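For reference, the structure is listed below as structure tokens.
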Amino acid sequence: MSDKPQTPKQSAVAEPRPEEIRFFGTTWVQHDGRYALRRSALAAGCLLAAAAGAFVLRFAYEGLAIAEVGTFLNATVVIMFAICTAIAFAKTWEGFNRRRAVAEDASLRGLKTIGFLGTLLAYFLRCLTEAPGEKLRRREYEEALARYGRRRAARTGNPAARKRPKRG
């Protein structure tokens, strides 16, 4: 497939291409190109990163305990991380099934950064069944192929060879 930009006339008749998924490319379409290996590697990587992140958060909590900042601040930090992790998990999981607006995604960036454990765990759990976002992209790709097929079928044949109704 060429990397040349398509003119509007070419893009109107070109068959739709599947959207790439990070770490998977387009291997999710046919489940080829070591798709299963990629899924299991991403799942293991997410789980390892979540464990490392939890370890780092534990050190941060111990630092608060050593500084003797008080139980209120300790509890506030733990609750804040728990809430951000839960929200990040829910929003990431929801993002696998529907597209969000760019503005909505940008507004959640800070919250997802604080609740990174939730995002990593959502990716881990989704990798156990499919590539993250595969169901959404597959549905969109199949709809685009069906639209393309309908447009293509409507244009088949030589229009000059069609029989014209007789007048008269």
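Things to note:
- Number of the exception - Arg38 against (1) part of a helix (DSSP H, G or I); (2) open to solvent by 70 Å² or more (accessible area, probe 1.4 Å); (3) modelled with pLDDT under 90: (3)
- If the condition is being within 13 Å of Glu94 (Cβ to Cβ) and open to solvent by 40 Å² or more (accessible area, probe 1.4 Å), then the range 126-139 contributes only Lys135.
- Just one residue in the set Ile114, Ile66 is in contact (Cβ under 8 Å) with a residue 24 or more places away in the chain and either over 27 Å from Trp28 (Cβ atoms) or open to solvent by 40 Å² or more (accessible area, probe 1.4 Å) (or both); that residue is Ile114.
- When Arg58 is tested against (1) open to solvent by 80 Å² or more (accessible area, probe 1.4 Å); (2) part of a helix (DSSP H, G or I); (3) within 24 Å of Gly25 (Cβ to Cβ), only condition (3) is not met.
- Options Ala131, Ala106: the member that is in a helix (DSSP H, G or I) and out of contact with any Pro (no Cβ under 7 Å at 6 or more places or on another chain): Ala106
- Considering the range 87-111, the residues that are among the polar types (S, T, N, Q) and touching a residue at least 12 places away in the same chain (Cβ under 8 Å) include one that is nearest to Glu130 (Cα to Cα), namely Asn97.
The values are calculated or read from the model by the stated rules, or taken from the named source; none is laboratory data. Since the structure is predicted, the reported quantities are computational estimates derived from the model, not experimental observations. When we count neighbours, we look across all protein chains shown, and the Cβ atoms used for this are built from the backbone with ideal geometry, even at glycine. For accessibility, only protein heavy atoms count, side chains too; no ligands or nucleic acids. Shrake-Rupley method; radii C 1.70, N 1.55, O 1.52, S 1.80 Å.
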